[in-house]
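What follows is a set of notes on a single structure, which appears directly below.
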Amino acid sequence: FKSLLLCGSVVLYVRDGMRHKEFYEYGLLPGVHYIAVDTAADVPETIRWLRRNDAYARAVATAGRERMTTLGEEELNNFVAELLTQYSQKQRFKVLPHPGSVRIECE
């Protein structure tokens, strides 16, 4: 998905069957950075619509490419930190350090 957005073409995202997201997808908006369709059967009509609305299709393609080119290490780190924070809140057991481990505090 990321590579497609970087190509500079409008990207159609078929939602049917897509259960997992990559970290960068949370910063993308359907209709702004890509075009979402419910099923593969919707693709032909969506392509016809985009051909009739070329300026919109080009704007979406440009926005998607620009968003991907600004994606950096800081955003990845922020996503991982948030993911681990949410995961830790769901834990139902007490985390104990391994015997002999050394505590390291970063902040």
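The values are calculated or read from the model by the stated rules, or taken from the named source; none is laboratory data. These figures come from a predicted structure and were not determined experimentally. Counting neighbours? That spans all protein chains shown, and the Cβs are built from the backbone with ideal geometry, glycine included.
List every residue pair whose Cβ atoms sit under 8 Å apart, with the two residues 6 or more apart in sequence or on different chains, where the first one lies in segment 41-62 and is under 12 Å from residue 31 (Cβ atoms) and the second, anywhere, is among the charged types (D, E, K, R) and at pLDDT 95 or above.
57/51
For residues that are assigned to a loop (DSSP other than H, G, I, E, B) and of a type in the set (D, E, K, R), scanning just segment 65-101, find the one that is modelled with the lowest pLDDT. Walk me through how you get there before you give the answer.
Filtering segment 65-101 down to residues assigned to a loop (DSSP other than H, G, I, E, B) leaves 70-72, 91-101.
Still in the list and also of a type in the set (D, E, K, R): 92, 94.
On the way: 92: 88, 94: 84.
Filtering first and then ranking leaves 94.
Out of (1) touching a Pro at 6+ places or on another chain (Cβ under 6 Å); (2) part of a loop (DSSP other than H, G, I, E, B), the odd one out for residue 9 is which?
Result: residue 9 passes all but (1).
Exactly one condition in (1) surrounded by fewer than 13 Cβ atoms within 10 Å (Cβ to Cβ); (2) more than 15 Å from residue 5 (Cβ to Cβ); (3) within 19 Å of the chain's Cα centre (by Cα) is false for residue 37; which is it?
Every listed condition holds for residue 37 apart from (1).
Quick one: which residue in 82, 66 is surrounded by 12 or more Cβ atoms within 10 Å (Cβ to Cβ) and more than 18 Å from residue 5 (Cα to Cα)? Quick ask: steps written out before the conclusion?
Numbers: 66 fails: more than 18 Å from residue 5 (Cα to Cα).
Result: 82 is the single residue among 82, 66 that is surrounded by 12 or more Cβ atoms within 10 Å (Cβ to Cβ) and more than 18 Å from residue 5 (Cα to Cα).
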